[in-house]
Amino acid sequence: MGRVDAARLWVGTSWKMTKTRAEGVAWARALVAAAADRGGEEAWAGVQPFVVPPATAISDVAAALQSPGTSRVLVGAQDAHWEDAGAWTGELSVPQLADAGAQLVELGHSERREHFAETDERVALKVSAVLRHGLLPLVCVGETAQQRDAGRSVDVVLTQARAALDAAGDQRCVIAYEPVWAIGEHGREARPEEVAPVVAALADLVGERGGTPARNPVLYGGSVTVEGAPGVLEVPGVDGLFVGRTAWRSEGFTALLDLAAR
């Protein structure tokens with residue numbers, strides 16, 4: 001895996017099923033230009049940026065970001081199979097994704113859990129596969145509105161996170177808390193007081209296992225906006241942001257990087 005910055009804050013985005021190769025390269029080139037305006041290699045010091053394009057654009061985006069100021073940007077994949085090869089039509093293995101330029105793999109997103117029967121056990125298998133090949137797993141955890149209303153937010157999220165951390169052992173694994181009710185086109189931005197108890201429980205879980213924010217950072221994602229990001233970043237235990245639509249425009253991503261760097 002490429003060098004991971006010893007960063008205080010992480011800021012990343014997943015594009016889901018959006019952007020062509022050309023659109024992805026245009027986004028990356030705009031980020032390169034923004035980094036140059038901010039001093040090149042000194043741009044966004046202390047922040048670990050990452051971007052997760054669709055699989056078709058991984059190679060192109062990774063190549064476009066090889067420039068002073070953006071060579072530290074980790075490029076990821078949105079999922080991976082747990083086997084290295086085989087008769088798994090339509091799937092992509094970790095070695096294939098690494099060959100395309102991926103350094104990080106997003107796993108367990110709520111859309112995968114809901115629409116593709118992704119279980120905690122399957123996520124754990126994928127975490128092991130990602131780590132086996134030297135890439136970084138980023139595991140998404142989060143509760144539905146019904147689970148939140150039933151007072152089960154912490155229990156649900158800890159169950160999901162525990163399965164991933166068990167598979168990771170003492171290796172690096174990033175956890176992204178994304179409440180299902182806060183993400184997507186119809187999600188609403190969570191208030192800091194709603195985020196705080198779940199993040200605190202995740203931080204406690206990491207600490208109980210001997211982890212640290214450097215090894216197991218806890219990110220928050222869910223209708224993050226430039227205006228609302230400062231409040232979320234002030235929540236104890238939040239080590240960064242995993243952003244959707246706000247960061248699909250390079251200007252939005254740049255604004256969040258500027259905020260985190262400050």
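The values are calculated or read from the model by the stated rules, or taken from the named source; none is laboratory data. The shown structure was predicted, so the numbers you read here are calculated from the model rather than taken from an experiment. Glycine gets a Cβ as well: all are built from the backbone with ideal geometry, and neighbour counts include every protein chain shown. Keep in mind that these areas ignore ligands, DNA and RNA; they rest on the heavy atoms of the full protein, side chains included. Shrake-Rupley method; radii C 1.70, N 1.55, O 1.52, S 1.80 Å.
Filtering the range 160-171 to residues that are open to solvent by 70 Å² or more (accessible area, probe 1.4 Å) and assigned to a loop (DSSP other than H, G, I, E, B) leaves ASP170, GLN171. Filtering the range 45-61 to residues that are closer than 22 Å to LEU9 by Cβ, modelled with pLDDT of 95 or more and either not β-branched (Val, Ile, Thr) or not in a strand (DSSP E or B) (or both) leaves GLN48, PRO49, PHE50, PRO53, VAL61. If you check GLY12, GLY108, GLY101 for being among the small types (Gly, Ala, Ser), farther than 21 Å from ALA255 by Cβ, under 13 Å from the mean Cα position of the chain (by Cα) and surrounded by 15 or more Cβ atoms within 10 Å (Cβ to Cβ), only one passes: GLY108.
Among the residues of the range 115-140 satisfying the criterion of being touching a residue at least 60 places away in the same chain (Cβ under 8 Å) and outside any loop (DSSP other than H, G, I, E, B), which is farthest from ASP155 (Cα to Cα)? Step by step, filter the range 115-140, then rank; the result is LEU136. Are any of the residues in the range 78-97 touching a residue at least 60 places away in the same chain (Cβ under 8 Å), more than 21 Å from VAL180 (Cα to Cα) and surrounded by 15 or more Cβ atoms within 10 Å (Cβ to Cβ)? No, that holds for no residue. The residues of the range 204-219 that are surrounded by 20 or more Cβ atoms within 10 Å (Cβ to Cβ), more than 12 Å from ASP170 (Cα to Cα) and of a type in the set (A, V, I, L, M), listed by number, are VAL218, LEU219. The numbered conditions (1) under 18 Å from the mean Cα position of the chain (by Cα); (2) buried (at least 17 other Cβ atoms within 10 Å of the Cβ); (3) modelled with pLDDT under 95 are all true for GLY69 except (1). Among the residues of the range 216-224, is there at least one that is of a type in the set (A, V, I, L, M, F, W, C), touching a Leu at 6+ places or on another chain (Cβ under 6 Å), assigned to a loop (DSSP other than H, G, I, E, B) and without any contact (Cβ under 8 Å) to a residue 40 or more places away in the chain? Yes: one or more hits. Looking across the range 176-197 at every residue that is more than 17 Å from the chain's Cα centre (by Cα) and of a type in the set (A, V, I, L, M, F, W, C), the one that is least open to solvent (accessible area, probe 1.4 Å) is identified as ALA190. Take the range 240-259 and flag every residue that is surrounded by fewer than 22 Cβ atoms within 10 Å (Cβ to Cβ) and in contact with a Phe, Trp or Tyr (Cβ under 7 Å, 6 or more places away or on another chain). Passing the criteria: TRP248, SER250.
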